[in-house]
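The values are calculated or read from the model by the stated rules, or taken from the named source; none is laboratory data. The structure displayed is predicted, hence computed values, not measured ones. Positions of Cβ are generated from backbone atoms using ideal geometry, with glycine treated the same way; all protein chains shown enter the neighbour counts.
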């Protein structure tokens, strides 16, 4: 696990399970880059104000290299009801799909 802060990801919003989550920019890169655990929060009087959103790769033979991570966030995409976090490095694009959420 490698923890990093991606400033460009901070304060972005993701809609998941009928709730809006604001990403903090703190990202744990797990499973040799195949899974991104992103910290998020909700504003207001909510039961669970903090959570971790997990974004994973479907076919992960080529994944983000945690050893030379840097800030590679490109965008958030929503297609056919699925949320993706797009990461671009030199010559490669990775589309991590939002798989689950765990409350803190």
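Before moving on, here are some points about what is shown:
- Close pairs from the range 79-104: first closer than 16 Å to residue 26 by Cβ, partner modelled with pLDDT of 90 or more and not in a strand (DSSP E or B), Cβ under 8 Å, at least 6 apart: 85/9
- Residues of the range 10-45 satisfying the condition of being assigned to a loop (DSSP other than H, G, I, E, B), in contact (Cβ under 8 Å) with a residue 12 or more places away in the chain and surrounded by fewer than 17 Cβ atoms within 10 Å (Cβ to Cβ): 10, 11, 17, 42, 43
- Residue in the range 52-73 that is in a strand (DSSP E or B) and modelled with pLDDT under 90 present: yes
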